[in-house]
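> Take this structure, written in structure tokens, and hold onto it; I'll ask about it next.
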Amino acid sequence: MNLRQCVVLGLLVTVGGLGGMAQGMDAAFPKKIEAGTAFSVQLQGSGEGTLYVVGPGQVLKRDVRLGTTVYFQAGSLPNAGHYVAFLTGGDPGTSEFDVVAASKPADLSFLAKPSRLPVSQHDGISGAVYVFDAYHNLVTSQIPVQFQLTNPTGAVQTRSMEARFGTAWVEFDSTPQQGTDKFIASAGDIASTRIVRQVPGDPCAIKMSASAAGPKVQLTTEPVRDCSGNAIPDGTIINFTQTYDGAETTVDVPLKRGIAEVEMPSHAGSTITVASGVVLGNQIRWEK
């Protein structure tokens, strides 16, 4: 136990011993004080004394003259929580009160996930916000919070709700367009922004064509897109499979400029299929 902890423990023991003393101190302090605000306390009695205020993470000590007003400047009690004040000397007494978070939000801690996901995912994007006052206390009163998700085309999804016990959360569908979405949470006149990157989904309706190329068959896909029309990125693997006379041959080809093409042996009566992952395309019966 360090020196500060020993001092605080000793003060709290003293408070317990003063619990039945004069009631003037109990009436002097307000029962609730907003964090960081200035306030004053009118002390009763006469003579000299020492006033202690003990709370979360801090201890204040004031040498006072009884019968006068003690002023606490703004920022004196920044930490929300339960406090005990006690007076020694003169007419001793105790008082208990609460410091609560300021009602005006000053900072938002905004968590958004994931940072990257496919388009058109139901409830795929989630956000949670924690509301703090200027002294980093969690604002537990009900605070209106607005969430806004804007896609690259300018279309906006919005959701308004009240933060309860300092937090609010939301889920949005990822939009059909690939690109960078702006995800904003705001409360009062403060806002926090996160970026969500939306990428194309799985290929959809892959279609290929075949043409003779000397002793081989030339296979070429149409531009490959997802089901929302977004271009599948280059490098995505497309599988061409040829079945002939009980044998099967597969060639993996990366997309280049949105299409995939390959030459395979020309076997009359062979069957050729195209796919990408679990997504199947069309099938061609080659007769040349």
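The values are calculated or read from the model by the stated rules, or taken from the named source; none is laboratory data. None of these values were measured; they are calculated from a predicted model. Quick reminder, even Gly has a Cβ in these numbers, built from the backbone with ideal geometry, and neighbours come from all protein chains shown. For the accessible areas, the whole protein counts, side chains as well, though only heavy atoms, and no ligand, DNA or RNA atoms are used. Shrake-Rupley method; radii C 1.70, N 1.55, O 1.52, S 1.80 Å.
> Given the Cα-Cα distance of residue 72 and residue 180 and 0.36 nm per residue of separation, how much length would full extension add, in nm?
Net length gain for the segment: 33.9 nm.
> Kirkwood Rh, Cα Rg: Rg to Rh for the stretch 54-112?
Radius of gyration relative to Kirkwood radius: 1.10.
> Residue by residue, what Karplus-based ³J(HN,Hα) values in Hz, rounded to whole numbers, does the stretch 28-39 have, using 6.51, -1.76 and 1.60 with θ = phi - 60° and x for Gly and Pro?
6, 8, x, 6, 9, 10, 6, 3, x, 7, 6, 7
> Equivalent ellipsoid semi-axes for the stretch 173-288, as square roots of 5 times the alpha carbon gyration tensor eigenvalues: give them largest first, rounded to whole Å.
Ellipsoid half-lengths, sorted descending, are 42, 11, 10 Å.
> Additional query: Projecting each Cα onto the charge dipole of the chain (Lys/Arg +1, Asp/Glu -1 at the beta carbon, about the Cα centre), which of 267, 170, 112 comes out farthest on the positive side?
112
> For the stretch 96-156, take every pair of Cα atoms, bin their distances at 10 Å starting from 0, and report each bin as a whole percent.
For the stretch 96-156, the pair-distance distribution reads 17, 38, 24, 16, 4, 1.
> Can you give the convex hull volume per residue for the Cα atoms of the chain, as a whole number of Å³?
Per residue, the Cα convex hull of the chain comes to 186 Å³.
> Quick check: at a probe of 1.4 Å, how many percent of the accessible area of the stretch 217-285 sits on carbon and sulfur atoms?
50 percent
> Rg(Cα) of the stretch 89-202 divided by 2.2 N^0.38 Å?
Rounded to two decimals, the normalised Rg is 1.43.
> Then there is this: Under a 5 Å amide H to amide H cut-off, with H placed in plane at 1.01 Å, what residues pair with residue 163 once short-range neighbours are removed?
143, 145
> Could you check the spin-label model distance between residue 63 and residue 146? Points 7 Å from the Cα along Cα→Cβ, value in nm.
Taking the two extended label points, one gets 5.5 nm.
> Enumerate by residue number the trypsin sites (Lys or Arg not before Pro) in the stretch 25-81 meeting two conditions: DSSP loop (anything except H, G, I, E, B), and at most 16 other Cβ atoms within 10 Å of the site's Cβ.
Taking the stretch 25-81 and a limit of 16 other Cβ atoms within 10 Å, the loop trypsin sites (Lys or Arg not before Pro) found are 31.
> Another one. Any idea of the accessible area per residue across the stretch 147-288, 1.4 Å probe, to the nearest Å²?
On a per-residue basis, 54 Å².
> Would you mind listing how long the stretch 200-258 runs along its three principal axes, going by Cα atoms, in whole Å with the largest first?
Computed over the stretch 200-258, the largest-to-smallest principal extents equal 38, 23, 18 Å.
> Please name whichever of 54, 86, 39 sits farthest to the positive end of the charge dipole of the chain, dipole taken about the Cα centre and charges placed at Cβ: Lys and Arg +1, Asp and Glu -1.
Positive-end residue among those listed: 39.
> In a GNM of the chain with a 10 Å cut-off on Cα contacts, which of 105, 56, 176 has the highest mean-square fluctuation?
56
> Right, next: Mind pulling the angle between the C-alpha long axis of helix 3-17 and the longest principal axis of the chain? Nearest 10 degrees, somewhere in 0 to 90.
50 degrees
> Moving on. Tell me, what HN-Hα J-couplings in whole Hz come from the Karplus equation 6.51 cos²θ - 1.76 cosθ + 1.60 at θ = phi - 60° for each residue of the stretch 275-288, using x for Gly and Pro?
Result, rounded to whole Hz: 7, 9, x, 8, 8, 9, x, 7, 10, 10, 9, 8, 10, 8.
> Give me the Kirkwood hydrodynamic radius of the stretch 36-167 in Å, from all C-alpha pairs, to one decimal place?
The answer is 18.3 Å.
> So, one more: Run the simple label-point estimate for residue 156 and residue 202 please: 7 Å along Cα→C-beta, distance reported in nm.
About 3.5 nm separates the two model spin labels.
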